[in-house]
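The values are calculated or read from the model by the stated rules, or taken from the named source; none is laboratory data. Source: prediction; values computed, not measured. Please note: Cβ atoms are built from the backbone with ideal geometry, for glycine as well, and neighbour counts cover all protein chains shown.
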Amino acid sequence: MSTGAPHRLDAAGLRERIRTRLAVLQPDVGDPTIAGISPDMARAFRHLAPSQPTPAAVLVPIVDYATHLTVLLTQRAADLKSHAGQISFPGGRIENEDDGPLAAALRETEEEIGLDRGFIDVVGFMPDHILMSGYRVTPVVGFVRPGYALRLDTTEVTEVFEVPLEFLLDPANHKSRWRKLGGNDIEVFDIPYGERNIWGATAGIVLSLSRLMSD
């Protein structure tokens with residue numbers, strides 16, 4: 001079995017690799033990357049990123065079934081002011097009362113989808129991602145124990161669904177396209193899944209997780 005291909009590991013292997021790779025990370029470790037593009041390209045275009053982005057955090061919720069792992073994703077409401085209609089991780093800006101990214105990610109998850117933090121086993125943090133919309137996002141990764149109940153805030157989230165982690169990590173499912181950034185053509189990646197398309201910052205965080213699991 002190749003250790004460089006996380007999508008080929010069984011659930012136990014993926015579970016162990018996630019814990020191993022994320023256990024040593026803390027919030028804000030490493031240079032932030034621009035969400036959705038390769039690290040090399042992100043470094044080249046770092047000057048185009050917002051100079052004072054708003055701190056935010058998201059939870060990357062990995063549902064820990066005995067035989068497989070899935071990722072819980074949300075469909076944002078269509079009438080929101082930012083990121084309307086997109087597929088996202090639960091999360092939002094870090095408020096003054098939050099004790100850092102972890103507290104913000106857990107609070108926002110409870111507010112948006114009603115997932116009780118008692119079902120979440122936090123594993124660690126991924127390096128921050130800069131969004132061109134003006135946010136610096138810290139992804140918090142956690143295993144979610146099955147049996148949870150959800151209660152959606154329908155003003156923010158219209159639907160919640162699960163995607164197999166193996167599918168998300170597989171580079172064969174990362175579809176390249178080109179977009180303009182500051183007058184330059186840059187390569188970004190989408191992850192089509194059935195009738196849905198995971199793109200933007202969410203796809204960028206997934207790709208970062210895939211690289212982290214493969215390194």
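Restricting to segment 104-114, and then to whatever is touching a residue at least 24 places away in the same chain (Cβ under 8 Å) and part of a helix (DSSP H, G or I), can you tell me which residue is farthest from residue 206 (Cα to Cα)?
We begin by selecting, within segment 104-114, every residue touching a residue at least 24 places away in the same chain (Cβ under 8 Å); these are 104-106, 108-109, 111-114.
Narrowing the set further to residues that are part of a helix (DSSP H, G or I) leaves 104-106, 108-109, 111-113.
Details: 104: 20, 105: 17, 106: 19, 108: 19, 109: 18, 111: 23, 112: 20, 113: 20 Å.
It comes out as 111.
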Fill in the blank from the handout: If we keep only residues of segment 157-194 that are of a type in the set (Phe, Trp, Tyr) and surrounded by 11 or more Cβ atoms within 10 Å (Cβ to Cβ), then the residue farthest from residue 207 (Cα to Cα) is 161
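Can you tell me which residues in segment 117-150 are more than 19 Å from residue 35 (Cβ to Cβ), of a type outside the set (A, V, I, L, M, F, W, C) and out of contact with any helix residue (DSSP H, G or I) (no Cβ under 7 Å at 6 or more places or on another chain)?
Those that are more than 19 Å from residue 35 (Cβ to Cβ), of a type outside the set (A, V, I, L, M, F, W, C) and out of contact with any helix residue (DSSP H, G or I) (no Cβ under 7 Å at 6 or more places or on another chain): 118, 121, 142, 146, 147.
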Exercise for the section: Please specify each residue of segment 27-71 satisfying the condition of being of a type in the set (Gly, Ala, Ser), at pLDDT 70 or above and more than 18 Å from residue 177 (Cβ to Cβ). Expected result: 51, 56, 57, 66
Completion exercise
segment 115-174: strands (runs of 3 or more DSSP E) wholly inside it with 3 or more residues that are modelled with pLDDT of 95 or more and within 16 Å of residue 14 (Cβ to Cβ) are 135-144, 157-164
